[in-house]
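Trainee: First, the structure itself, so that you have it in front of you.
The values are calculated or read from the model by the stated rules, or taken from the named source; none is laboratory data. Small disclaimer: the values here were computed from a predicted structure and weren't measured. Neighbour counts are summed over all protein chains in view; Cβ atoms, including those assigned to glycine, are modelled from backbone coordinates with ideal geometry. The area values use the complete protein model at the heavy-atom level, side chains included, leaving out ligands, DNA and RNA. Shrake-Rupley method; radii C 1.70, N 1.55, O 1.52, S 1.80 Å.
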Amino acid sequence: MGAWLIDDSFADTVNDDVSLLKKRTATGINEISLVEATAMNAGKAQSFDEAIAAANFHLVNEDNFILFIDIKRARLSGIRPLPQRVITDTGWEIIKEEKSTLRASLNPEDINHHPESEASVPAEFSKQKLWERKLLDLSLRNNLLNLRTTRNTIQLVAIKLNDFEDALDEGKEFQILTKPDNWINPNQTSGVYQAISMTDPVVDLLKYDLSHQKLRTYLTEAELQSALTKLYRSSRLSLEENGANTLYLALGFLKWYESPKSELPRYAPLLLLPIEIIRRSAQKGYVIRSREEETLMNITLLEMLKQDFDISIGGLTELPRDESGVDVTKIFNLVRRGIMSQARWDVEEHAFLGIFSFSKFIMWNDIHHNASKLSENKIVKSLITGKLEWETDGVPTNSDLDGSYRPSEIALPISADATQLDAICAAAQNKSFILHGPPGTGKSQTITNIIANALYQGKKVLFVAEKMAALTVVQKRLADIGLGPFCLELHSNKSKKSTVLEQLRQTTEIIRKTSPLEFESEAERLHLLRTELNEYVNALHNQGEYGFSLYDAFTGYAALSSASDQIHLDKDLIAQLSKEKFTAYAHTHTTTPWP
């Protein structure tokens with residue numbers, strides 16, 4: 001039996017939806033309290049808490065649940081118990097309850113005016129909408145909306161999820177163990193084992209294991225080792241190739257249905273804790289621990305609820321926190337209140353270890369909520385509109401880079417040739433361009449110089465790449481030239497909170513130094529040497545009055561190795577000589593190979 005703890009009632013007197021009770025009896029909601037009535041019988045030694053636990057266990061197996069009757073709703077509907085009979089001198093007499101017939105009000109409660117519906121306006125389809133549609137996956141293929149129990153998922157025998165999350169937030173490690181011996185949980189729906197009764201004898205074992213940093217699963221030894229090995233390898237491969245963590249501990253699941261007629265429940269995780277698996281030893285096996293990253297709310301689920309069911313759950317923009325990490329119980333109750341009116345929907349406190357990917361939703365979230373800010377960038381705006389949104393004169397091709405840039409104006413910690421220097425100078429002028437070339441042509445060196453020069457100019461640089469290997473190569477080159485402390489890795493296995501804080505600490509401890517006095521004099525010396533060398537080059541290639549340079553004369557003379565050193569020319573020919581006449585004269589002599 002049960003009792004309302006608040007002034008409320010159900011919409012119907014008789015209900016067969018067990019989730020209506022489960023949501024309202026949850027810890028933290030406490031709108032209804034259920035008690036096992038047989039615990040009140042004489043000879044029973046159960047406590048009140050044990051009577052509540054026994055009553056709640058009747059709700060676990062939904063197949064055995066038939067219905068419940070809301071007595072308060074029955075009274076409001078005019079349904080009364082059998083009339084009271086009292087004995088009088090004349091016999092038994094039925095006492096009838098008199099009903100008031102006084103009309104409460106003659107005025108209508110409300111006047112509703114329904115305006116004519118406006119013609120629907122077709123939705124505008126843009127490049128931004130196309131991007132959003134491709135990025136946001138609200139189908140049942142998405143593991144964040146419809147958990148599928150595969151080899152990439154391990155269900156834990158979970159109790160006290162709030163204490164479990166607090167222990168992980170404190171940095172504790174948990175060993176993963178097999179299912180308890182000679183114990184079976186027969187309640188399974190859609191591949192998910194249902195919650196166990198707090199009166200089950202195995203609960204004491206689970207509490208003991210949790211206090212000693214051990215977790216039980218529903219798998220045998222062979223199944224557990226195979227599943228943990230697969231998760232371990234998959235998570236490491238994702239980190240090495242993409243620099244992104246995909247291994248999470250899912251706490252709490254929303255049990256939902258696609259429509260009122262759907263019979264198959266779907267399970268969507270609520271909270272996801274970034275986790276890493278570590279293999280300690282062959283004897284101890286695998287352990288899990290937090291990656292020291294923020295716990296995430298399944299925002300894909302929140303967006304699906306908003307778009308498909310018009311359900312908005314507030315209070316989750318910033319997750320509520322307690323003394324250690326997030327407040328798991330409060331978050332579950334916020335979701336319960338949000339879906340309270342949904343028949344058969346419920347929040348079930350399960351825990352799964354599995355592979356989940358957020359990368360596409362994060363991109364969708366940026367595009368959807370920050371499109372106006374993103375479009376302020378001329379390149380992004382051009383991609384959205386499909387046309388060039390700025391006037392461009394192309395990448396400058398300056399042949400006199402030595403004359404345009406003094407050594408003190410461009411930082412080149414790595415040697416660069418003319419084409420690489422051209423790209424570095426174009427980047428310094430904020431020009432957009434594509435730098436391409438076959439392997440081994442110095443692209444990573446050029447990028448390193450571009451980043452180093454930008455830092456020299458006091459700029460900030462965001463360097464991104466599709467593959468982790470490309471980031472690693474450039475980061476190593478920057479570290480080799482002493483710029484390692486100025487590089488903050490945010491997308492790798494070094495993106496844990498403690499590692500990021502350590503990188504920031506090392507950077508703040510670097511003493512700011514001014515340019516040494518010899519730097520200016522050395523830069524000026526290099527500039528004078530470069531100017532002197534360029535004067536030789538200019539003199540060598542400067543064309544004379546006949547249209548030829550010394551370089552042309554030297555190369556032409558070298559081509560006449562078999563000709564005589566003595567050539568007799570008419571003085572009038574020399575006085576009237578030009579490059580065109582010389583070329584015509586040269587073609588009339590087959591022995592002259594001058595081009």
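Trainee: Using Cα positions and a limit of under 24 Å, work out the lysines in reach of Lys72, with same-chain residues fewer than 8 apart set aside.
Mentor: Filter leaves Lys22, Lys23, Lys96, Lys99.
Trainee: Given a 1.4 angstrom probe, I'd like the percentage of the accessible area of the chain that is carbon and sulfur, rounded to a whole number. Let's see the in-between values first.
Mentor: On the way: 20490 of 38710 Å².
That share works out to 53 percent.
Trainee: Can you give the FRET efficiency to the nearest 0.05 for Lys459 and Leu237, using r as the Cβ-Cβ distance and R₀ = 30 Å?
Mentor: Numbers: r = 35 Å, r/R0 = 1.16.
After rounding to 0.05, the efficiency reads 0.30.
Trainee: Just to verify a number: FRET efficiency for Ala469 and Thr499, C-beta to C-beta distance, R0 = 22 Å, to 0.05? Walk me through the numbers on the way to the answer.
Mentor: Numbers: r = 20 Å, r/R0 = 0.90.
The calculated FRET efficiency here is 0.65.
Trainee: Given R₀ = 22 Å, what would the calculated FRET efficiency be for Arg530 paired with Ile414, taking r from the Cβ atoms and rounding to 0.05?
Mentor: Details: r = 18 Å, r/R0 = 0.82.
It comes out at approximately 0.75.
Trainee: Further question on the same structure: Using a simple spin-label model with points 7 Å from Cα along the Cα→Cβ vector, what separation in nm is obtained for Glu50 and Ser444?
Mentor: My value for the distance between the label points is 6.8 nm.
Trainee: How high is the relative contact order of segment 2-82? Use alpha-carbon pairs under 8 Å, at least six apart in sequence, and give a whole percent.
Mentor: Numbers: 78 pairs, mean separation 32.3, N = 81.
Relative contact order of segment 2-82: 40 percent.
Trainee: Once you put a point 7 Å from the Cα of Leu435 and another 7 Å from the Cα of Met1, both along the Cβ direction, what distance in nm separates them?
Mentor: Going by the 7 Å Cα→Cβ label model, 8.1 nm.
Trainee: Hey, can you grab everything whose amide H is under 5 Å from the amide H of Arg321? Only 5+ residues off in sequence or another chain; H modelled, so Pro and N-termini drop out.
Mentor: Residues meeting the criterion, in which the H sits 1.01 Å from N, are Asp327.
Trainee: Could you tell me the convex hull volume per residue, in Å³, taken over the Cα atoms of segment 2-82? If you can, show how the numbers build up before the last one.
Mentor: Numbers: hull volume 9.4 nm³, N = 81.
Per residue, the Cα convex hull of segment 2-82 comes to 116 Å³.
Trainee: What order, most packed first, do the peptides 141-148, 459-466, 383-390 have when packing is the mean number of other Cβ atoms within 10 Å of each residue? Could you put the intermediate results ahead of the total?
Mentor: Values: 141-148: 18.4, 459-466: 10.2, 383-390: 12.4.
Top to bottom by mean Cβ count within 10 Å: 141-148, 383-390, 459-466.
Trainee: For a label point 7 Å from the Cα of Ser33 along Cα→C-beta, name the residues of segment 54-71 whose backbone N is under 17 Å from it.
Mentor: 54-57
Trainee: Would you list Tyr536, Tyr193 from the most to the least accessible area, probe 1.4 Å?
Mentor: The ordering from most to least exposed comes out as Tyr536, Tyr193.
Trainee: Of the lysine pairs in segment 174-311, how many meet both conditions: Cα atoms under 18 Å apart, and a spacing of 8 or more in sequence or different chains? Walk me through the numbers on the way to the answer.
Mentor: Details: Lys179/Lys207; Lys179/Lys214; Lys179/Lys284; Lys214/Lys284; Lys230/Lys284; Lys255/Lys306.
Lysine pair count for segment 174-311: 6.
Trainee: What is the packing order of peptides 325-336, 290-301, 26-37, taking the mean over residues of other C-beta atoms within 10 Å and listing the highest first?
Mentor: Numbers: 325-336: 21.8, 290-301: 19.2, 26-37: 16.5.
Sorting 325-336, 290-301, 26-37 by mean packing, highest first, produces 325-336, 290-301, 26-37.
Trainee: Residues of segment 326-358 with amide nitrogen under 18 Å from the 7 Å Cα-to-Cβ point of Gln307?
Mentor: Backbone N within reach: 357-358.
Trainee: What number comes out for accessible area per residue over the chain if the probe is 1.4 Å? Units Å², please.
Mentor: For the chain, the per-residue accessible area is 65 Å².
Trainee: Could you list, in their original order, any pairs among Lys373/Lys459; Lys134/Lys467; Lys476/Lys496; Lys360/Lys467; Lys129/Lys381; Lys373/Lys476 whose Cα atoms are separated by more than 25 Å? Before the final figure, lay out the partial values.
Mentor: Values: Lys373/Lys459 21 Å; Lys134/Lys467 22 Å; Lys476/Lys496 19 Å; Lys360/Lys467 16 Å; Lys129/Lys381 14 Å; Lys373/Lys476 33 Å.
The answer is Lys373/Lys476.
Trainee: Which value in nm describes the separation of the simple spin-label points at Glu389 and Arg289, placed 7 Å from the Cα toward the beta carbon?
Mentor: Distance between label points: 4.6 nm.
Trainee: Sort out for me the Cα centre separation of segment 320-386 from segment 22-76, rounded to whole Å.
Mentor: 34 Å
Trainee: Here are a few candidate values for Rg and Dmax of the Cα atoms in Å: [x] 31.9, 117; [y] 27.6, 91; [z] 39.2, 164. Which one was actually calculated from the structure I just gave you?
Mentor: Step by step, Rg and Dmax of the Cα atoms in Å for this structure corresponds to label [z].
Trainee: Taking the alpha carbon gyration tensor of segment 458-537, what are the square roots of 5 times its eigenvalues, largest first, to the nearest whole Å? Walk me through the numbers on the way to the answer.
Mentor: Details: eigenvalues 254, 72, 15 Å².
Taking √(5λ) for each eigenvalue gives 36, 19, 9 Å, largest first.
Trainee: Could you tell me the ratio Rg/Rh of segment 401-509? Both radii from Cα atoms, Rh via Kirkwood.
Mentor: Computed over Cα atoms, the ratio is 0.98.
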